[in-house]
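What follows is one structure encoded as C-alpha cells, with my remarks underneath.
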Amino acid sequence: MALLTAPGDRPVATRPPLGRVDVVTVLSVFVFVLTVVPARFVVGPLGAAGTPAGIMAVLCLFWYLSSMIAGRTSPVQGRQPVRTVMVLFVCAMLGSYAAAMQRTLPGLEGNAADRGLILTAGWAGIALLAADGVERLDRLEAVRRRLVTGGGAIAVVGCLQFFTGFDLAGHLAFPGLTTSTNYTSLLSRDEFNRPMATATHPIEFGVVMAMLLPLALHGAVYAGEGRRGRRWFLVAIILLVLPMTVSRSAVLGLAVVCLVVLPIWPVVWRVTAVLVLGVFMVALRALVPGLIGTLTGLVSDIGSDSSTVTRTNDYVVIGESVAHRPWFGQGFGTYLPQTYRILDNQYLLSLVETGLVGVLVLLTVILSGWFLARSARRALLARADRETAHLAQCYAASMAVALLSFGTFDAFSFPMVATLMFLTLGCCGALWRLSRED
C-alpha cells in the first residue's frame, strides 16, 4: 500500500490518535466481534439491543465524543463530510423518535423506538471513529485486510453449511451471552441448503459477501510475493459462497461489483476476469447441479414471481401510514413485523418509520460514501497512486452494493449488513481525508 509521504519518503502521521489506544486495533476487534459472534447472542438484560457488536459500537461513540474534551486528542481536525452526514442522520432519527412520542405507543413499539436510538448511536460511533480516527493509509489497509479475513472466515462456515447441512453457528456458545429464541443458521430453497453462517438470514449473508468481494479483490490484485495464494483464496471462497445463499440480492450485488470495478481494470485484467467467471460458472454448475438454473430463474422472474408481487402490494398497504405521518414517520424501528407486516425494502420501511426526511437522509448517507470514494480516487490518480486509487474504487463498489441491496430487503433489520455499511462509509471518509493530506 502506497503511503502519503513527506520529503525524505518518511511516512507522516496525519493526526494525533484518539487517546493512547490505537483506533485500528479497536476497529479490528469490532470486526472480529461483528463477524464471528452471531447476532442472536445478547447480554440478557439489554434484549435485542445488547448484541456484543452493538454494545461495542455505542462505546466507540462515547470514546469518540469524550476524546473531543482535550484538543490534543480531539479527532475533529479539518474537513470531514462524514461528520456532517452523520449529524444529519442522527437528527433525522431523533426527529422520528420525537414524532413517535407524540402518540400512544404500545409497549413493544416503545421498546423498539428506544432500541432504534441505541442502534443509531452505534452506527454513528463506528462511522465517525473510522472516518476521523484512522491515521494513515497503511492503517486503513489494515482495516480492509481484517474485514476481508473476517468475511473469509464466515464464508468457510457458509460453505460447510451448504455442502454438509451441518449448522456450525447453531452450536456456538459464548459465556455471559444468552439467546431467547430457537435458532438455526441454515434454511433451504429449491432443495438447496441456504447458509447464513453467523448472519441472521441468507439474504444478509449474501449481501455482506457481495460488499466484501471488491475489498478482497483489491488485496488479491495488489498482493505482494508470498501473499497471493492466501488472498486469492479469500476471493475464491467469498465468490463461491455468494451464489450458495440462493439470494437474488446477492446475485445483483455481484453484478454491481462487476459493473463498478471491471471498467477501471486494464483490458488484460478484464478479459481474464470474464474468462475466470465463465469457468467458475461452468465448474459450479458441475459441482452443484441446478444451482445456476435456480439463480438464473430468480433474476429472470423479477416482476412476476410471488416475492415481487408481495413487495408491490406493500406500496398499497403503507399508503395510509405515510399519508398520516409524511415527514418523520411513525418512529424508527416501530413498524414491527409481528404487528404490521414485513417490508422487504429498506427505503420503503424508512418511509414509514422515518418519513420523507429519513429516506432522503438515508440516501444521502449511502451516496456520500460513493462520492467520497470516487473523489478520493480522482485525487489519488492525480498523484499517480494507482494502487490506492484502486482501493477507493473498491470502496465505492461496496457502497454501490449497499445502495442497491437496501431496495431489495429491510437492511436495518439485519445488524451485520447495516453495521458493515456504516463502517464502510467511515472508511470512505478516512480515505477521502487521507488522499488530501500532505
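The values are calculated or read from the model by the stated rules, or taken from the named source; none is laboratory data. The shown structure was predicted, so the numbers you read here are calculated from the model rather than taken from an experiment. Neighbour counts are summed over all protein chains in view; Cβ atoms, including those assigned to glycine, are modelled from backbone coordinates with ideal geometry. Side chains are part of the model used for accessible areas, which takes the heavy atoms of the whole protein and leaves out ligands, DNA and RNA. Shrake-Rupley method; radii C 1.70, N 1.55, O 1.52, S 1.80 Å.
Exactly one of these conditions fails for THR424: (1) within 19 Å of LEU34 (Cα to Cα); (2) more than 21 Å from the chain's Cα centre (by Cα). Give me its number.
Checking THR424 against (1) within 19 Å of LEU34 (Cα to Cα); (2) more than 21 Å from the chain's Cα centre (by Cα), the one that fails is (2).
Would you confirm, using the coordinates I've provided, whether VAL309 is modelled with pLDDT under 65, open to solvent by less than 80 Å² (accessible area, probe 1.4 Å) and among the hydrophobic types (A, V, I, L, M, F, W, C)?
yes
Out of the stretch 394-411, which residues are open to solvent by 10 Å² or more (accessible area, probe 1.4 Å) and modelled with pLDDT of 95 or more?
Start the filter on the stretch 394-411 by keeping residues that are open to solvent by 10 Å² or more (accessible area, probe 1.4 Å), which leaves 400, 403-404, 407-408, 410.
Those that are open to solvent by 10 Å² or more (accessible area, probe 1.4 Å) and modelled with pLDDT of 95 or more: ALA400, LEU403, LEU404.
Are any of the residues in the stretch 380-387 within 20 Å of the chain's Cα centre (by Cα), in contact (Cβ under 8 Å) with a residue 24 or more places away in the chain and part of a helix (DSSP H, G or I)? First the steps, then the outcome.
Kept after step one, since they are within 20 Å of the chain's Cα centre (by Cα), are these residues of the stretch 380-387: none.
Scanning the stretch 380-387, I find no residue that is within 20 Å of the chain's Cα centre (by Cα), in contact (Cβ under 8 Å) with a residue 24 or more places away in the chain and part of a helix (DSSP H, G or I), so the answer is no.
Out of (1) at pLDDT 90 or above; (2) within 30 Å of ARG436 (Cα to Cα); (3) not charged (D, E, K, R), what's the single condition that is false for GLY224?
GLY224 satisfies all of (1) at pLDDT 90 or above; (2) within 30 Å of ARG436 (Cα to Cα); (3) not charged (D, E, K, R) except (1).
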